[in-house]
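For reference, the structure is listed below as structure tokens.
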Amino acid sequence: MSRKRTIVHVNANITWGVKKTEAGNWLAICDSLKLTLQARTYAELMEDIGLTLDALIKELLSTNDLDRFMREHGWKLEPVPKRTKQEDVFYDVPFEFVRQIKRRPKAHDSSAHVH
């Protein structure tokens, strides 16, 4: 018998840069969280991002850093229903993709970089 999963929504605004690599894999970069993920397909990439953000919230909870992190990033967490086991919670963090545009740094532009 499978356990019922409780979805807890997080009010956040996260942007991931995404592109398809020359090898055919999908790459996502979130500069604000300093995270990079790679997946075989676009669908797998979306799923992996959701799972990674859920794991991030759970890790921050386990280290008692969640409140500080939420304040620093301006996020808000929906309350977890009483009597809900932490292992039954999935933290739903919304995100959006923007296409990464590859550009070559100009010789005089030392701040330019390519992801």
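Throughout, read-outs are computed from the coordinates displayed, never taken from laboratory work. All values reported here derive from a predicted model rather than from experimental measurement. Glycine gets a Cβ as well: all are built from the backbone with ideal geometry, and neighbour counts include every protein chain shown.
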Can you spot the aspartates and glutamates whose alpha carbon is less than 16 Å from Lys4's alpha carbon? Ignore those fewer than 8 places along the same chain.
-> Glu87, Asp88, Asp92
Highest to lowest packing among 62-72, 4-14, scored as the average C-beta count within 10 Å | 4-14, 62-72
Could you pull out every residue, at least 5 positions away or on a different chain, whose amide H is within less than 5 Å of the one on Leu77? Hs are placed 1.01 Å off N in the peptide plane, and Pro or chain starts have none.
-> Asn11
What residues qualify as long-range amide H neighbours of Thr6, i.e. H under 5 Å apart, gap of 5 or more or another chain, H built at 1.01 Å from N?
-> Val89, Phe90
Expressed in nm to one decimal, what extension gain is obtained for the pair Glu96 and Thr6 from 0.36 nm per residue of sequence separation less their Cα-Cα distance?
-> 30.1 nm
A correct Karplus calculation of ³J(HN,Hα) over the range 73-78, with 6.51 cos²θ - 1.76 cosθ + 1.60, θ = phi - 60°, whole Hz and x for Gly and Pro, returns 9, x, 8, 10, 10, 5
